[in-house]
Structures are given as C-alpha cells and as structure tokens.
Amino acid sequence: MKLFGDIESERVLYWKGYLFLMLGTLAVFGLVLEFTQIRQYLLLAIAVWAFCRFYYFLFYVVEKYSDPNFRFAGIGSFIRYRLSLRNSQKG
C-alpha cells in the first residue's frame, strides 16, 4: 500500500534534495554551537560518513550486486526484502 506516489516533477525532486541539504547543514551548525571538544567534531564526522556509506550499501551495492532484479524504495522496502528472503530460506 502506497501512501504517496512517486515525485514526477524534476523541479520538485531538486527542491526536495536542496531542503535535505539545508536541514542537514542547519543541524550541523546547531551541533557545532553545542560542541566544546574536538573529539565531538570527530565523532560527528565519523557518524555522518558511516551513515552515508550504509545508505550507499543499501541502495547501490545490494541493488546492483546482490539482487539486480529488485528495486528498493526505501529502508522499509529493504527490511521487507530481507525478511522475505529469510522466510523463504526457512520454508
């Protein structure tokens, strides 16, 4: 069951991307104002890098190399896919 359809307007897609960029930038600036130690900056950088790599893994590596016939629509889609694989291997 889909709640929302796919975004078909290229303009809206780019605005969505820019809004995510602005939201992330504002969050980082807010954290920078709160941080007092260089260790906190380093941990933030590592966390951002690791989550970016995880995103790449989910939506590129798995789709291109693990199962090229399946198209993931989001993290929920990936979880359902993995659970269906696990259930099919048990039965």
Would you mind telling me which numbered condition in (1) in contact with a helix residue (DSSP H, G or I) (Cβ under 8 Å, 6 or more places away or on another chain); (2) part of a helix (DSSP H, G or I); (3) loosely packed, with under 11 Cβ neighbours inside 10 Å Phe51 fails?
(1)
The residue from Leu23, Leu42 that alone is part of a helix (DSSP H, G or I), among the aliphatic types (A, V, I, L, M) and within 19 Å of the chain's Cα centre (by Cα) is Leu23
Check on Tyr65, assigned to a helix (DSSP H, G or I), out of contact with any Pro (no Cβ under 9 Å at 6 or more places or on another chain) and surrounded by 11 or more Cβ atoms within 10 Å (Cβ to Cβ)
no
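Read-outs: derived from the displayed coordinates by stated rules, not from any lab. Quantities reported herein were computed from a predicted structural model and do not represent experimental measurements. Cβ atoms come from the backbone with ideal geometry, glycine included; neighbour counts cover every protein chain shown.
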